[in-house]
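S.K.: The following block contains the structure, expressed as structure tokens.
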């Protein structure tokens, strides 16, 4: 076998490996684990425990929003900051990497932007933002929630019955 032939074989192997890596990266970073849904949304397919974690995080967003609106009604910007910080980016670190790989890129983008939005709201409240400015920021965050819920549904993988 000539050196040129060996080089072509090695190059072919490298190209094949790069294609496999690109395919895996696309699946885990961009596409995630999804399927169509009856209502036209994209169903993100998760294990039952992962779905429960996702739903718990969404409920925590609702609790933070309730606390924020209560604090805004009382003009208590310190309480606004505390409530917003509770839903900030630090919460995103609780999500397992295996679960993140199942989320499509746009879903992850919306989710992380929402967490960062809560952090930004907390920082603005701590810096003395007015309740009206905070309400405008909250409205933008809620639009992200509406967008995500309009585009995505959560589904679970079929479970095998226990005998």
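Values quoted throughout were computed directly from the atomic coordinates according to the rules given, and no laboratory measurement underlies them. Small disclaimer: the values here were computed from a predicted structure and weren't measured. A quick note on method: Cβ atoms are made from the backbone with ideal geometry, for glycine too, and the neighbour counts reach across all protein chains shown.
S.K.: Rank-order 80-91, 48-59 by packing density, defined as the average count of other C-beta atoms within 10 Å over each peptide's residues, highest first.
M.R.: The peptides rank, most packed first, as 80-91, 48-59.
S.K.: Also, I was wondering about something else. Between helix 131-151 and the chain, what is the angle of the helix's C-alpha long axis to the longest principal axis, kept within 0 to 90° and rounded to the nearest 10?
M.R.: Taking Cα atoms only, the helix is inclined about 40 degrees.
S.K.: What Rg and what Dmax come out for the stretch 77-147 when only alpha-carbon atoms are used, in angstroms?
M.R.: 13.0, 40
S.K.: Still on this structure, I have one more. Just to be sure I understand: with springs between alpha-carbon atoms less than 10 Å apart, which residue in 42, 97, 63 has the highest mean-square fluctuation in the Gaussian network model of the chain?
M.R.: The residue with the greatest mean-square fluctuation here is 97.
S.K.: When only C-alpha pairs under 8 Å and at least 6 residues apart count, what is the relative contact order of the chain, in percent?
M.R.: That works out to 32 percent.
S.K.: Follow-up question, since we're still on this one. Can you give the angle from 0 to 90° between the axis of helix 48-73 and the longest principal axis of the chain, with both taken from C-alpha atoms, to the nearest 10?
M.R.: Orientation of helix 48-73: about 30 degrees from the principal axis.
S.K.: Could you put 45, 136 in order, starting from the residue whose Cβ has the fewest other Cβ atoms within 10 Å?
M.R.: In increasing order of surrounding Cβ atoms, one gets 136, 45.
S.K.: Given only helices, namely DSSP H runs of n ≥ 4 each adding -39500 (n - 2.57), what is the per-residue ellipticity at 222 nm of the chain, to the nearest 500 deg cm²/dmol?
M.R.: Mean residue ellipticity, 222 nm, calculated: -21500 deg cm²/dmol.
S.K.: How would you rank 61, 112, going from fewest to most other Cβ atoms within 10 Å of each one's own Cβ?
M.R.: 112, 61
S.K.: Note the listed values [x] 10, 31, 24, 12, 10, 8, 4, 1; [y] 10, 30, 24, 17, 10, 6, 3, 1, 0; [z] 10, 38, 36, 12, 4, 1, then indicate which one is P(r) over Cα pairs in 10 Å bins from 0, in percent calculated from this particular structure.
M.R.: The value matching this structure is [y].
S.K.: With both partners inside the chain, how many of the DSSP beta bridges are antiparallel, as a percent to the nearest 5?
M.R.: Antiparallel bridges make up about 40 percent of those DSSP assigns within the chain.
S.K.: Where is the GNM fluctuation largest for the chain (alpha-carbon springs, 10 angstrom cutoff): 40, 32, 12?
M.R.: Fluctuation is largest for 12.
S.K.: Moving to a separate point now. Does anyone have the angle between helix 3-25 and the longest principal axis of the chain? Alpha-carbon axes, 0 to 90°, nearest 10?
M.R.: Once rounded, the angle reads 30 degrees.
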